Amino acid sequence: MEMHSRLEPRSEYLGFELALAARKLVEQVMLVKPGEHVVLTGDTSSDRRVVDATAQAVAAAGAHPVVVWYETLPGSSMEPPRPVAGAIADADVWIEFAVSYLMHSDAFRTAMANGCRYTNLTAMDVHMLVATVGRPDFQGVIRLGKALVRLLEAADEVRITSANGTDITGRNGDRPVNLRGKPAEKPGETVMLSGQISWNPLEETQDGVLVFDGALWPPDELGLLRSPVRCTVEKGVVTAIEGGQDADTFRRWMESWDDPNMFRVAHWSLGFNPGVLAPTGRIVEDERVFGCVELGIGTKGAWIGGEPWVAAAHTDGSVLGPSLYLDGEAIEVDGRYVHPELVEICRELGVAGY
């Protein structure tokens, strides 16, 4: 995976800040209760300091931390070793740190069906946990997300453009708009890192050009993009992938699955975590670059609205500096929110430039 290296090996690096961030994750995001069984999964590519700090926060909350380590799998959404599947199937809360994440696998679906509350924090390192969880105002970021949800729910047509050539439209119909970064309040609920909303316009209305220019992962050969990847979208399906070397790599990987569902657009997302100002190659972080747009292609979960489908894999890519139009009205221009309500919340959050 192509990413910016920022790994400081000292165990004491951001130690105090890490402890605070882990506590916020456990108590404010995952809402861990005394006596609950909390499984933390990490693979051999995970940052052990993050996992250990989170396990300590679970114990401090009066719950039972169970840490499961296993080998890094060749790709995401693959089935894990049986003991891993067994552990998450019987968990009250599951916090996933593995780089080759299990989300969308059969083991994941079983855990969700059994009522586990889950969050995907793939490739989370010390700096990322502190920047995205520890330092931001969690409730303030949720307030911004709810404002974006209201604006999108009131709109029919959504158009996204960017300087690099993105120009794609879709109609929302009655599809729900989901605030992904929220507290894990319900059994069987999947929540993600704060600073993202997701939805999927009616598939047959999604048409245009999508140019990924921030990050794109998987495949592992990509991550932080070196050249734009241009995708033509017709009725919710990617029909052409063009560009330079990164586009060639992405096209070969998509075609290698020999699965038509791999080319279906699964979700549209907006990123707005104040702690993420530029992509790094860590996709969960890159999906939340403040002001970015991110789209997922491949497997579509039931939570997104409309008919779900299963593909051989799922991939996510980001568009930097987008402009966002709702029924022709701009609420974001070149990566900066311009709608008055959004601008005011950004000022309250202390976002640079507002």
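The values are calculated or read from the model by the stated rules, or taken from the named source; none is laboratory data. Remember, predicted model here, so these are calculated numbers, not experimental data. So basically every Cβ, Gly included, is an ideal-geometry build from the backbone, and we count neighbours across all protein chains shown. Keep in mind that these areas ignore ligands, DNA and RNA; they rest on the heavy atoms of the full protein, side chains included. Shrake-Rupley method; radii C 1.70, N 1.55, O 1.52, S 1.80 Å.
Here the calculated FRET efficiency for Gln28 and Arg347, from their Cβ-Cβ distance with R0 = 22 Å, stands at 0.45, rounded to the nearest 0.05. Between Asp220 and Asp90, the modelled labels are 3.1 nm apart [label points 7 Å from Cα along Cα→Cβ]. In this Cβ point-charge picture (+1 for Lys and Arg, -1 for Asp and Glu), the stretch 115-248 has a dipole of about 720 debye about its Cα centre. Annotation for the stretch 117-221: GluC sites (Glu not before Pro) lying in DSSP loop with at most 15 further Cβ atoms inside 10 Å of their Cβ are Glu185, Glu221. If only the Cβ of Lys and Arg carry +1 and only the Cβ of Asp and Glu carry -1, the dipole of the chain around its Cα centre is close to 800 debye.
For the chain, the relative contact order works out to 16 percent when only alpha carbon pairs closer than 8 Å and six or more residues apart are counted.
For the stretch 182-318, the carbon plus sulfur part of the accessible surface works out to 52%, probe radius 1.4 Å. Of all DSSP beta bridges confined to the chain, the antiparallel ones make up roughly 75%.
Over all orientations, the stretch 126-165 has a Cα convex hull whose mean projected area works out to 4.6 square nanometres.
To the nearest 10, the accessible area of Arg171 is 100 Å² with a 1.4 Å probe. Each residue was assigned an accessible area with a 1.4 Å probe, and for Glu255 the value is about 110 Å². Each of Asp258 and Asp137 was given a label point 7 Å from its Cα along the Cα-to-Cβ line. The distance between the two points is 5.5 nm. Placing Arg159, Arg180 in order of accessible area, with the largest value first and a 1.4 Å probe, yields Arg159, Arg180. Which percent of the accessible area of the stretch 1-103 is formed by carbon and sulfur heavy atoms (probe 1.4 angstrom)? C and S atoms contribute 56 percent here.
Give the lysines whose C-alpha is closer than 29 Å to that of Lys235, dropping any in the same chain fewer than 8 places away, or say none. Within reach: Lys146, Lys300. Spin-label pair Arg336-Arg10: with each label point 7 Å from Cα along the Cα-Cβ axis, the two points sit 3.7 nm from one another. Think of a 1.4 Å ball rolled over the protein heavy atoms: the stretch 10-58 then has 46 Å² of accessible area per residue. Solvent exposure of the stretch 96-153, expressed per residue, is 29 Å² of accessible area, with all protein chains present and a 1.4 angstrom probe. Computed over protein heavy atoms with a 1.4 Å probe, the accessible surface of the stretch 173-328 works out to 33 Å² per residue. Hydrodynamic radius of the stretch 194-331 by the Kirkwood approach over all distinct alpha-carbon pairs: 15.0 Å. Would you compute the Debye intensity of the stretch 52-163 from its alpha-carbon atoms alone, equal scatterers and no solvent, and pass along log10 I(q)/I(0) at q = 0.15 Å⁻¹ to two decimals? After summing over all Cα pairs, the log10 values are -0.86. Taking 19 Å as the straight-line reach from the Cα of Lys186, the aspartates and glutamates in range (excluding those fewer than 8 positions away in the same chain) are Glu27, Glu36, Asp90, Asp92, Glu96.
Counted by Cβ distance under 10 Å from Tyr118, the other residues give a net charge of -1, where Lys and Arg count +1 and Asp and Glu count -1.
Annotation: peptides 296-304, 211-219, ranked by per-residue average of other Cβ atoms within 10 Å with the highest first, follow the order 211-219, 296-304. Set the Förster distance to 56 Å, then compute FRET efficiency between Thr232 and His64 from the Cβ-Cβ distance, nearest 0.05. My answer for the efficiency is 0.65.
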